[in-house]
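The values are calculated or read from the model by the stated rules, or taken from the named source; none is laboratory data. These figures come from a predicted structure and were not determined experimentally. Neighbour counts are summed over all protein chains in view; Cβ atoms, including those assigned to glycine, are modelled from backbone coordinates with ideal geometry.
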Amino acid sequence: MTGPEKFLAQSRQTIESYEDYAVRYDEIVGHVPHPNDQAALERAAAIAGPGGRVLEIGSGPGRDADFLETLGVEVRRTDATRRFLELQAARGKAGELLDVITDELGGPYDAVVALAMLIHVPRDQIDQVLAKIARSLRPGGAFVVTMRDGDGETGGRYLTVDWRREAFAARMEAAGMEVLSHSFRVGRKERGWNTFLAVRPS
């Protein structure tokens, strides 16, 4: 199996696993963003401006999009897992299928949000994904991302890739974005999480 084929197979396996886990995931995660994430989302919404267009990659059950919409922006909800989109549709929220690895993102957007989602992108693919995100932003547009802190990765049903703060910030900068802020927290199972707010320079 070649590199690209391996990456796509890993991605498909992760997506299929979430199809089975979506309802339980919605029960486990909070329906209100963590304060660290709220602060970054609020700054991103302020950068986007009233009525600004925000792309959310990996909306999951859509709770973070709900919060963003209370801040006066328009959110394009997307996920690669159909079951998550069905859960949102049951609440009257429309979403679209989108795979950040294989699909074009459209744009330009005033902001892009990817919370606890890029952890599933293979390490060798992160540069192309971040470059794609940077291209989808308007000059001055904001990017909010959360990544699990660490050096390793896990396989099994879900591919999960950890990144140290400095290493991931360097990848965003290499993609043409400038990191404005960072915060750290310890989440479930005592795992550390980094929240970044970056912008595409004007």
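Values for this structure:
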item	result
Where T70 falls short, out of the listed (1) of a type in the set (S, T, Y); (2) without any contact (Cβ under 8 Å) to a residue 12 or more places away in the chain; (3) under 20 Å from L137 (Cα atoms)	(3)
Count of residues meeting criterion [buried (at least 17 other Cβ atoms within 10 Å of the Cβ) and more than 19 Å from G140 (Cβ to Cβ)] in the range 93-125	14
Strands (runs of 3 or more DSSP E) enclosed by the range 1-97 - at least 3 residues per element that are modelled with pLDDT of 90 or more and among the charged types (D, E, K, R)	74-79
Boolean, E190 is surrounded by fewer than 15 Cβ atoms within 10 Å (Cβ to Cβ), farther than 22 Å from F84 by Cβ and either modelled with pLDDT of 95 or more or within 17 Å of the chain's Cα centre (by Cα) (or both)	no
Selection status of R171, touching a residue at least 40 places away in the same chain (Cβ under 8 Å) and outside any strand (DSSP E or B)	yes
Search result, residues across the range 149-174 that are modelled with pLDDT under 95 and at negative phi	D151, G152, E153, T154, G155, R157, Y158, L159, T160
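Listed here are the residues, each with its yes/no results for (1) closer than 21 Å to N36 by Cβ; (2) β-branched (V, I, T); (3) not in a strand (DSSP E or B).
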{"position": "G107", "(1), (2), (3)": "no, no, yes"}
{"position": "A114", "(1), (2), (3)": "yes, no, no"}
{"position": "I133", "(1), (2), (3)": "yes, yes, yes"}
{"position": "V144", "(1), (2), (3)": "yes, yes, no"}
{"position": "K189", "(1), (2), (3)": "yes, no, yes"}
{"position": "T195", "(1), (2), (3)": "yes, yes, no"}
{"position": "A198", "(1), (2), (3)": "yes, no, no"}
{"position": "S202", "(1), (2), (3)": "no, no, yes"}
